[in-house]
Amino acid sequence: MTPKIGSARRLAALDGLRILAALVVALYHYTGYPTGVRQSWGAPPETAWPLLHHLGRYGWLGVELFFVISGFVICMSSWGRTPGAFFRSRVTRLFPAYWPAVLITTAVLTLWPVVRAPRHWHEVALNLTMMQKAVDVQHVDAVYWSLWREALFYLLFAVVVWRGLTLRRAVIFGYGWLVASMLSVKSGVHLLSTVLQPDCAPFFVAGIALYLIHRFGPDLLLWGLLGASFLLAQYWTVQQVGDKREVDPGLSTAVGAVVVTGIFAVMLAIALGYTARIQWRWLTTAGLLTYPFYLLHEYLGWTMIYGLRDLLPRPVLLPLVVGAMLLAAYLLHRVVEKPLARILKKHLDAAATTINRGDRYAAPAPVAALEADTVLLPTVK
């Protein structure tokens with residue numbers, strides 16, 4: 001089969017990978033994450049899920065897949081956009097599902113604080129801005145940590161959009177970010193390493209490189225960018241496995257490396273056009289559910305498991321909870337996210353029009369300077 005580089009058809013395989021990544025993360029939280037499994041199922045993973053936990057314990061790597069997809073999609077969707085349009089697209093994509101998810105999770109934890117305690121109201125308010133991590137305030141739901149990383153990526157990539165996205169600038173950005181992120185590790189400047197996020201940069205940059213390969217075809221510079229991202233991604237994956245061994249000693253660095261290799265291989269197949277024939281319409285719908293499912297599944301799923309674990313067998317309860325979270329995601333998308341995104345886009349577009357119109361007006365003439373002997377206070381008679 002000859003790959004189709006730069007095909008204009010929708011990449012339905014990416015939608016499929018999105019929902020797959022979300023389900024893999026959910027599998028981690030429900031069967032592989034030691035703390036969460038003990039709190040929800042009432043038993044350690046090896047007891048609650050003697051076989052499945054061996055697979056679920058690596059589900060956290062689904063977030064790394066999200067980051068690669070994000071780099072690919074953001075580069076693809078930013079071509080030809082102004083910084084204002086880029087900003088509006090990110091706001092209307094992130095917040096219409098995020099705001100209700102924060103409130104729903106808070107309400108559930110307030111009514112049933114069995115697996116996690118609800119956050120204080122002022123922390124919930126800060127969570128609504130998505131900037132809680134900047135001041136080390138806890139997330140309403142722990143999965144929000146990845147949204148902060150996404151937002152920092154958008155902030156960096158906005159510089160390229162501001163300059164005008166081209167192949168040359170995207171390549172320079174990719175190589176520059178990889179080098180700068182590694183230099184930030186030993187810089188001693190916390191803000192620098194926070195913004196450049198060396199442990200996530202290789203995955204985002206890999207997505208950018210893969211989209212450039214998809215759009216323009218491979219060449220030595222793009223292969224080099226992808227290869228450097230792959231090698232750094234392997235390094236940081238080994239570091240993460242080492243950190244996670246504190247709570248799960250059974251994790252293997254070799255398995256982590258194989259999973260990351262698989263992520264890069266599947267994304268490369270998509271970039272080279274080997275999945276172009278996959279155009280199943282249901283994948284697009286599934287892709288739309290990914291974000292609300294990801295936002296809702298962890299604490300709400302644990303709460304549901306805790307409440308039903310003594311009533312249903314585990315092999316029945318697990319798919320039931322996953323199905324319930326998918327249904328909740330569908331309702332959130334259709335009832336709240338989609339209408340709210342439409343309203344938000346309308347008002348943001350109107351605000352942008354007003355700002356652009358205001359920028360075209362000439363500045364008012366400066367007010368004449370007051371003379372030195374001008375009386376500023378009323379005269380007292």
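Checking His139 against (1) of a type outside the set (Val, Ile, Thr); (2) surrounded by 15 or more Cβ atoms within 10 Å (Cβ to Cβ); (3) in contact (Cβ under 8 Å) with a residue 12 or more places away in the chain; (4) assigned to a helix (DSSP H, G or I), which single condition isn't satisfied?
Against the list (1) of a type outside the set (Val, Ile, Thr); (2) surrounded by 15 or more Cβ atoms within 10 Å (Cβ to Cβ); (3) in contact (Cβ under 8 Å) with a residue 12 or more places away in the chain; (4) assigned to a helix (DSSP H, G or I), His139 comes up short only on (4).
For the condition among the hydrophobic types (A, V, I, L, M, F, W, C), in contact (Cβ under 8 Å) with a residue 12 or more places away in the chain and either surrounded by 15 or more Cβ atoms within 10 Å (Cβ to Cβ) or not in a loop (DSSP other than H, G, I, E, B) (or both), what is the one hit in Ala107, Ala97?
Answer to the selection: Ala97.
Just checking, how many residues over the stretch 149-186 are out of contact with any helix residue (DSSP H, G or I) (no Cβ under 7 Å at 6 or more places or on another chain), small (Gly, Ala, Ser) and free of Cβ contacts under 8 Å to residues at least 24 places away in the same chain?
Within the stretch 149-186, residues that are out of contact with any helix residue (DSSP H, G or I) (no Cβ under 7 Å at 6 or more places or on another chain), small (Gly, Ala, Ser) and free of Cβ contacts under 8 Å to residues at least 24 places away in the same chain number 2.
Kindly indicate the residue of the stretch 142-157 that is of a type in the set (Gly, Ala, Ser) and open to solvent by 30 Å² or more (accessible area, probe 1.4 Å) and also farthest from Arg90 (Cα to Cα) among those meeting that condition.
In this case the residue turns out to be Ala142.
From the set of residues in the stretch 263-279 that are out of contact with any helix residue (DSSP H, G or I) (no Cβ under 6 Å at 6 or more places or on another chain) and not small (Gly, Ala, Ser), which is most open to solvent (accessible area, probe 1.4 Å)?
This residue is Arg277.
Restricting to the stretch 189-208, and then to whatever is open to solvent by 20 Å² or more (accessible area, probe 1.4 Å), assigned to a helix (DSSP H, G or I) and in contact with a helix residue (DSSP H, G or I) (Cβ under 9 Å, 6 or more places away or on another chain), can you tell me which residue is nearest to Val68 (Cα to Cα)?
Only one residue fits best here, namely Leu196.
Hey, Tyr274 hits all of (1) part of a loop (DSSP other than H, G, I, E, B); (2) touching a Cys at 6+ places or on another chain (Cβ under 6 Å); (3) of a type in the set (Phe, Trp, Tyr) but one; which does it fall short on?
Unmet for Tyr274, out of (1) part of a loop (DSSP other than H, G, I, E, B); (2) touching a Cys at 6+ places or on another chain (Cβ under 6 Å); (3) of a type in the set (Phe, Trp, Tyr): (2).
The values are calculated or read from the model by the stated rules, or taken from the named source; none is laboratory data. Quick caveat, the model's predicted, so the values are computed rather than measured. Backbone-built Cβ (ideal geometry, glycine too); neighbour counts: all protein chains shown. Each accessible area value is taken on the protein alone, full model and side chains, heavy atoms only, with ligands, DNA and RNA left out. Shrake-Rupley method; radii C 1.70, N 1.55, O 1.52, S 1.80 Å.
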